[in-house]
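Worksheet for the structure shown next.
Quick note: the coordinates plus some simple rules give every number you see, no bench work behind them. This one's a predicted model, so the numbers in the text were calculated from it and none came from an experiment. No Cβ is skipped: glycine too gets one built from the backbone with ideal geometry, and neighbour counts run over all protein chains shown.
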Amino acid sequence: YFMLLATPEQFNGPTELDELIDDVVLKPIVKQELLGRVRAGLRSQSLKIELERSQQELQLARERMLSREKMSNLGELVSGIAHEINNPITFIYSNLTHVQTYAADLIELLRLYQKQLLNPSPEILEKQQDMDVEFVLDDLLKIVNSMRTGSDRIRQMILSVQDFARNDRSGWQLFDISDGLENTLLLLQHRLPAREGRRDIKVIKDYGNLPQIECYAGLLNQAFLNTINYAIDTLEISSQELAQSKSVNFRPVIQIRTQVVDSQRISIEISDNGIPINEDIKAQIFDPIFMSKTTGEGSGLGLALSYLIVVEQHKGELKCFSEPDQGNKFRIEIPRRHT
């Protein structure tokens with residue numbers, strides 16, 4: 001007799017018989033011995049399944065470790081580039097402050113000359129008309145102001161990148177959640193303006209009066225980045241699908257809300273008003289090997305790393321909620337202090 005320990009799905013025909021045989025039982029056999037052989041076979045099968053599961057978990061752990069190493073190397077590279085950019089942009093920004101002051105003084109002086117010079121020569125009048133002096137005087141300060149605003153924005157972006165890189169190499173430290181979210185939004189600013197098939201994404205911020213928390217700041221920033229990125233991806237797809245319905249005037253919105261839960265925990269909620277994530281996707285959304293059908297991309301590593309950071313490394317909670325006509329919400333809860 002041959003003993004098979006297999007499910008019906010595993011046994012598809014006689015050709016697979018050899019591979020599925022677990023033991024050979026000779027007749028006659030004592031009942032107790034037969035039961036013992038069956039139990040031993042079941043234990044062997046259970047150990048085999050457990051081994052396969054352990055191998056899968058080991059592979060996932062290896063992929064996570066490689067991903068973190070790549071992210072760390074990328075962080076160092078980006079930090080170095082940001083430092084190189086920061087030097088010249090700081091020089092430009094500082095000098096534009098002086099240019100702004102000089103331009104204002106020169107314009108004021110020119111206005112005084114215009115008042116004193118009541119009868120300018122034909123040559124001066126012709127030059128004024130050719131260059132449209134009034135427009136130039138009015139536009140000059142606007143140009144300098146816009147250059148200063150642009151360079152200041154570049155400086156803030158560089159500071160955010162450097163803050164990300166610096167925090168990523170730090171251990172447990174006190175951290176301001178609101179600052180982390182603001183830096184994250186600044187890095188994702190390029191994804192928010194309107195583009196073909198989508199209106200601009202409005203971000204509503206409702207920050208509570210949070211105390212500083214003890215955490216891995218760089219890792220939490222990464223979790224925020226991944227989660228907000230997923231919300232943006234969802235709104236991209238929702239805009240495309242709802243655009244086909246002319247009766248729907250869809251305005252994409254992301255809302256970020258923070259609050260104190262109790263004396264031990266704080267929460268961060270990142271919501272979007274996109275099409276609700278279906279239950280099948282939601283059940284696997286934090287699985288590293290899951291390919292999201294909603295975004296058409298691997299939600300996978302991004303949200304899985306967020307889950308790893310929040311749940312495993314900070315002993316917190318990361319949950320996904322979705323309701324019809326209410327969009328989606330990711331809720332992060334983390335302890336205020338490391339224990």
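Details
- Packing-based order for 52-58, 147-153, using average beta carbon neighbours within 10 Å, highest first: 147-153, 52-58
- Computed from backbone phi, the HN-Hα couplings of the range 317-327 come to 9, 9, 10, 10, 10, 8, 9, x, 6, 10, x Hz, rounded to whole numbers (Karplus: 6.51 cos²θ - 1.76 cosθ + 1.60, θ = phi - 60°; Gly and Pro given as x).
- When each of the peptides 216-227, 310-321, 121-132 is scored by how many other beta carbons lie within 10 Å of its residues on average, the order from highest to lowest is 216-227, 310-321, 121-132.
- With K and R counted +1 and D and E -1, the other residues having a Cβ less than 12 Å from that of PRO335 yield a net charge of 0.
- Applied to the range 302-307, the Karplus parametrisation 6.51 cos²θ - 1.76 cosθ + 1.60 on θ = phi - 60° returns per-residue 3J(HN,Hα) values of x, 6, 5, 5, 4, 5 Hz, with x for Gly and Pro.
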